[in-house]
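Everything on this sheet refers to the single structure shown next.
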């Protein structure tokens, strides 16, 4: 008990943990009674049983949701790949008229958007949901229903977006939707892109929250940060990146949709807007996104390479450096997509320099892999073949990246096929190949069967050679001046032969994918069950059960090394016997252990929610709220929004943070743990914290927009424009501050055993938050947002604050109801602590918003 | 002897808060980057002004950032404590190895952040004006 983690907050010096921790070697070595073990296994098995028949679709377990998620992402990838084939056919010969210019625009826009938003990012989430729990010996993700909700959102949003191409109304302004082309584009295409993908982005953030909490709080006892699997480090870094990268795009989407729907001129230069603002917001998302895609894929390599070398990874700390360093520096690169927009040269220099610097941490992990292979006893296998091919291709893409990061070279190559070649080399090498390697490597974990070695080799060599045949010539056609996104081109410019070669190569890639998909879908019928650890891996996922058992792990082990399977030959047998923690479920309910962040000390037993339809219903209503506005149907959208909120409240009320029956429970090995936690010990508190970090980033992007306009335009705010009513802004600020005080006070008096007073404070707080929302709205009623970007951006900030105040009031009322009906008590107060945390963030944001609305007009004019 | 042990125990416990700490040096890089970008925008786009003054003051800020990173790096190197223990990789599941591992990671991140700050400062030396 020497290493209480202060990172966990003050409450973690744990007076409540009873019994012995850490366990002694004798305790772990003591054999289990076989009878008892069998009875426990039966109870666990019933608790974790997957529903059968049509109820199968109400599952929320990570093994089911992860598989659906991954397969759906692969389907979208195949569709986007078919679009690429059409694009290549059209470009095979000059002056081709296979598809029209308009359809061609839809095809390349949808190819890019679908590959990025419906495949690359979701595949990280889906694979992580699928394998992270087994990598860290957890039974499931901390919030399985949230994963299910995220999946259904992804499915609905994805079908909506990609389906639009079959109705000839797909977005067609390119995957980065530059205004004014995209804002002026007639038809619903741009709206489908904006609303459909915003919906999916929200699901991505939900997945990021869950994955971060999973990596930080659901590790097995004893798995300190210096011995956790490298994959978990990457998940942590990538989750953190999503929190800072996606929100600027969501803020941008909000502004963009306000312009499309209500003609608020954020990006219209004739009314004080600025198209470059969109480019900034998009690429602040867009460049980190490249690394959000790359890092988790390379994380798979970090798991495969030690297994192939049959030794621990060389340079564990160096790989952590590499992941964290890349995560940071990747946020300083976005302007290299905007080198030709006329920014000051010295600014271009900063981004050029950072783009060169990011190569260093990116390269370090590749050298660590090579070093591991050099000192190990390599047993080459199929996944390693894919990793090796991927690294070769990625390195070539990285080298052209170094070229493009040099601004004068980019001036020449910008928007040519050279860029197309570069980005496909990085994405295929950095993402597609490692992901396929991961599919081959982890398939024994998922289907309990191995995929075919022979078909795998065929598929590899077809895709590898096809890839180079397709994309290597694009470097040349690009340097010869062929621009991206042209639907056809005149002959005789030296481009003809290279385009024809590229088209042939594309079909070779397609053949390779066909073989891969055939094997993926049919290997279950062709092969026998695999041995448990077919590759000889050393990490916890290879303790999985063959055939499948739904409990994740039979018992949650006590871990003391990076490769426990190699270091402790008895581990699997003892896990199977139920020797370790939580080997039983007396009540036949789903549970897992939540541990501390740094040293993974056991903190409490977290109940895990089981199968339900409510996530599907909530996702359907949420989908309605996003999809109806595409067709300007605002009433149905509003109704769906309200129903979505009601559904989510029902879901939370019925199944989360209920007071437990007993305060402590036995988890085995002489340890008793609390069955409830609130505040910074609990997983829910961390989820709120992380969500609000993302929310604050989106808000910061709106505030950034105000100052961006001010910097870039001499007349911002324009002379003679109306300003927000200072008095009302001040009142709104005061009300928010008081509402925050009421919430904070309610938490304190509730803890000290005065729930009555807490209820009064919560009720008052809710009224104050609604008053704040009203005052802030009233303060901008004189502004006419259609006339200029200045009133428009201030009104957008008001909308943002109004929605957040209303949400804050809803949360206060939720706690009030909880306290009234006995869900929330002085001892079991997780909801109130989470809501207080929300209010810390909201109060700070509201004060900044009030300052922006009230003081900026005075200071900037 | 027991005193020494207790002191060590205390030390390994103290730093448990440091998952944030490994991100301090990269955060300094990020702040430095944003300050450079914002200042150049204000001088070159909004207000005008003497680019030479801007460059010298930003280079001074770079020097401060580098000094701060160097200090963090030195502390992290001490925490890694490789000269006393001879342990470069810290693979054991115990408090001491976790402590030293976090020192090692922070030390490496300080190096990469310093390289980042130097790279980003180079345009200030090479490019003379706004255009």
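The values are calculated or read from the model by the stated rules, or taken from the named source; none is laboratory data. It should be emphasised that the depicted structure is a prediction, and the values quoted were computed from it without experimental measurement. Cβ atoms come from the backbone with ideal geometry, glycine included; neighbour counts cover every protein chain shown.
Of all residue pairs spaced 6 or more apart or on separate chains, those with beta-carbon atoms under 8 Å, a first member in region A:157-169 that is under 14 Å from residue A:105 (Cα atoms) and a second member that is part of a loop (DSSP other than H, G, I, E, B) are A:164/A:170; A:164/A:171; A:164/A:188; A:169/A:187; A:169/A:188.
Go through the residues of region A:252-260 one by one and say whether even a single one is under 19 Å from the mean Cα position of the chain (by Cα), crowded, with 24+ Cβ neighbours inside 10 Å, part of a helix (DSSP H, G or I) and in contact (Cβ under 8 Å) with a residue 60 or more places away in the chain. Yes, some residue in region A:252-260 is under 19 Å from the mean Cα position of the chain (by Cα), crowded, with 24+ Cβ neighbours inside 10 Å, part of a helix (DSSP H, G or I) and in contact (Cβ under 8 Å) with a residue 60 or more places away in the chain. Within region A:38-72, the set of residues being free of Cβ contacts under 8 Å to residues at least 60 places away in the same chain and surrounded by 20 or more Cβ atoms within 10 Å (Cβ to Cβ) comprises just one member, A:64. Scanning region B:77-89 for residues that are more than 10 Å from every other protein chain (Cβ to nearest Cβ), under 22 Å from the mean Cα position of the chain (by Cα) and without any contact (Cβ under 8 Å) to a residue 40 or more places away in the chain gives B:77, B:78, B:81, B:82, B:83. On the basis of being within 12 Å of chain B (Cβ to nearest Cβ) and part of a helix (DSSP H, G or I), does residue A:335 make the cut? Yes. Considering region A:308-332, the residues that are surrounded by fewer than 23 Cβ atoms within 10 Å (Cβ to Cβ) and part of a helix (DSSP H, G or I) include one that is farthest from the other protein chains (Cβ to nearest Cβ), namely A:309.
Output the residues belonging to region B:90-131 that are under 30 Å from residue B:56 (Cα atoms), within 15 Å of the chain's Cα centre (by Cα) and facing chain A (nearest Cβ under 7 Å). The answer is B:108, B:109, B:112, B:115, B:116, B:119, B:120. Is it the case, given these coordinates, that residue B:102 is at pLDDT below 95, farther than 24 Å from residue B:37 by Cβ and in contact with a helix residue (DSSP H, G or I) (Cβ under 7 Å, 6 or more places away or on another chain)? Yes; evaluated as a whole, the condition is true for this residue.
Would it be correct to say that residue A:264 is in a helix (DSSP H, G or I) and either without any contact (Cβ under 8 Å) to a residue 24 or more places away in the chain or in contact with a helix residue (DSSP H, G or I) (Cβ under 8 Å, 6 or more places away or on another chain) (or both)? Judged against the criteria, residue A:264 is not a match. Taking the condition surrounded by fewer than 20 Cβ atoms within 10 Å (Cβ to Cβ), free of Cβ contacts under 8 Å to residues at least 12 places away in the same chain, assigned to a helix (DSSP H, G or I) and more than 9 Å from chain A (Cβ to nearest Cβ), does residue B:74 pass? Yes, satisfied. Of the listed requirements (1) within 30 Å of residue A:548 (Cβ to Cβ); (2) in contact with a helix residue (DSSP H, G or I) (Cβ under 9 Å, 6 or more places away or on another chain); (3) in a helix (DSSP H, G or I), residue A:467 misses just one: (1).
Here residue A:345 fulfils each of the conditions (1) out of contact with any helix residue (DSSP H, G or I) (no Cβ under 7 Å at 6 or more places or on another chain); (2) within 25 Å of residue A:436 (Cα to Cα) apart from (2). Counted as qualifying within region A:96-170 are the helices (runs of 4 or more DSSP H) with 3 or more residues that are under 30 Å from residue A:578 (Cβ atoms) and touching a helix residue (DSSP H, G or I) at 6+ places or on another chain (Cβ under 8 Å), namely A:121-135, A:144-163.
Within region A:352-389, restricting attention to residues that are more than 25 Å from residue A:435 (Cα to Cα) and free of Cβ contacts under 8 Å to residues at least 40 places away in the same chain, the residue that is farthest from the other protein chains (Cβ to nearest Cβ) is A:354. Looking at B:44, B:36, just one residue is within 7 Å of chain A (Cβ to nearest Cβ), under 30 Å from residue A:709 (Cα atoms), surrounded by fewer than 22 Cβ atoms within 10 Å (Cβ to Cβ) and touching a residue at least 60 places away in the same chain (Cβ under 8 Å), and that residue is B:44. Residue A:236 passes every criterion in (1) under 16 Å from residue A:289 (Cα atoms); (2) away from every other protein chain (no Cβ under 14 Å); (3) surrounded by fewer than 23 Cβ atoms within 10 Å (Cβ to Cβ) apart from (2). The single condition from (1) at pLDDT 95 or above; (2) surrounded by fewer than 16 Cβ atoms within 10 Å (Cβ to Cβ); (3) in contact with a helix residue (DSSP H, G or I) (Cβ under 7 Å, 6 or more places away or on another chain) that residue A:762 fails is (2).
Restricted to region A:673-780, the set of helices (runs of 4 or more DSSP H) holding at least 3 residues that are within 30 Å of residue A:282 (Cβ to Cβ) comprises A:683-712, A:755-779.
Tally the residues that are buried (at least 24 other Cβ atoms within 10 Å of the Cβ) and outside any helix (DSSP H, G or I), restricting the search to region A:815-851. Qualifying residue count for the region: 2.
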